[in-house]
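The values are calculated or read from the model by the stated rules, or taken from the named source; none is laboratory data. Since the structure is predicted, the reported quantities are computational estimates derived from the model, not experimental observations. Neighbour counts are summed over all protein chains in view; Cβ atoms, including those assigned to glycine, are modelled from backbone coordinates with ideal geometry. Accessible surface is based on the protein model in full, side chains and every heavy atom, while ligands, DNA and RNA are left aside. Shrake-Rupley method; radii C 1.70, N 1.55, O 1.52, S 1.80 Å.
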Amino acid sequence: MGKTGYFSHKDCWKHEMGPGHPECPGRLDAIEDRLLVTGVTDALTQYIAPKAALADIELAHSRLHIAAMRGLTDWLREEVEAGGPPYTQVDPDTSMNMHTWDAALRSAGAALAATDAVMAGELENAFCAVRPPGHHAMRDKAMGFCFFNNVAVAAKYALQRYNLKRVAVVDFDVHHGNGTEDILAGDERALMVSFFQHPFYPYCGDQNPAPNMVNVPVAAYTRGMDVREIIEMMWIPRLEAFKPELIFISAGFDAHRDDDMGQLGLTEQDYTWITQRIKDVARRYCDGRIVSCLEGGYVMSALARSVEAHVRVLADL
């Protein structure tokens, strides 16, 4: 049995997008409370996430995008000091406060530090309890609550830093990881497998994806057993043929049947099963190396229970 790391940072609580926004700091409170009260925390090795170096963010994002995020932060700070509003909009659903920049660097930094620890053999796998999430962040654009693409940054970093030839990204969020696709499409060293509700935000992913993308659109109200069949028939053969040296997970829990952000019908038992199947592949081909990063999940009780189910499998509990 290998060790499971838990990466987070208090800066991830300071980013928020206004009262009533579903992507809120309380998400991390719900997760931490649940892991504590169920005793799962005791089985995890805790890490404080560092800030990602900008050179590493640049592996997945353009300098212009990084400069724009930094510039907005500086402008917002001046506005707030002059008595202006505490937020600035990036898209209709997404805004920044003065702490977003640091939180985004910590979120990407968690994924990078987890990659280092897993590649060094210090951990078998890791879960990054971070926000803002990342999988909608495109190379040149922040959107969908995301600023930097944590998983894509870490995947590109693993390929460069450790000279890996094959990394896989598994995305089970209810929304398509369009940002991850934008960054990794056409890179033969990366394989991305996902399912997502369609038609649904961000209204893409179903049209002629690159050969290294296994995009499986599913209709609203699809239930867990159907998703399991899709994974068994469409993900697993591709992952096994690819033989990844490291697996990243975009762990969104908004496909849960209790989550009103989407209309899929998954339960905690489905997340347990999905995580176990990913872990089977990881143990067969890459010494169990998995780095999982929190994406969506907006109903606190369902999110907390689902993360617990996911982390229990990672930690062999």
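Does the stretch 249-258 contain at least one residue that is crowded, with 20+ Cβ neighbours inside 10 Å, closer than 22 Å to L59 by Cβ and in contact with a Gly (Cβ under 7 Å, 6 or more places away or on another chain)? Yes, there is a match, as at least one residue in the stretch 249-258 is crowded, with 20+ Cβ neighbours inside 10 Å, closer than 22 Å to L59 by Cβ and in contact with a Gly (Cβ under 7 Å, 6 or more places away or on another chain). Is there a residue being in contact (Cβ under 8 Å) with a residue 60 or more places away in the chain and over 25 Å from M138 (Cα atoms) anywhere in the stretch 226-240? Scanning the stretch 226-240 turns up no residue that is in contact (Cβ under 8 Å) with a residue 60 or more places away in the chain and over 25 Å from M138 (Cα atoms). For P132, the criteria (1) part of a helix (DSSP H, G or I); (2) under 23 Å from L59 (Cα atoms); (3) of a type outside the set (V, I, T) hold in every case but one, which is (1). Which residues, taken from the stretch 148-159, are open to solvent by less than 10 Å² (accessible area, probe 1.4 Å) and over 12 Å from the mean Cα position of the chain (by Cα)? Within the stretch 148-159, A158, L159 qualify. The residues of the stretch 51-99 that are touching a Phe, Trp or Tyr at 6+ places or on another chain (Cβ under 7 Å), among the acidic types (D, E) and not in a loop (DSSP other than H, G, I, E, B) amount to a single one, D56.
Consider the stretch 60-81 and keep the residues that are charged (D, E, K, R) and either open to solvent by 100 Å² or more (accessible area, probe 1.4 Å) or under 22 Å from the mean Cα position of the chain (by Cα) (or both). The one that is nearest to M138 (Cα to Cα) is R63.
The condition of being touching a residue at least 40 places away in the same chain (Cβ under 8 Å) and either exposed (fewer than 14 other Cβ atoms within 10 Å of the Cβ) or within 20 Å of the chain's Cα centre (by Cα) (or both) does not hold for A43. If you check every pair at least six apart or on different chains, which have Cβ atoms under 9 Å apart with a residue in the stretch 288-301 that is assigned to a strand (DSSP E or B) first and a residue that is open to solvent by 10 Å² or more (accessible area, probe 1.4 Å) second? If the second residue must be open to solvent by 10 Å² or more (accessible area, probe 1.4 Å), the pairs left are I290/E124.
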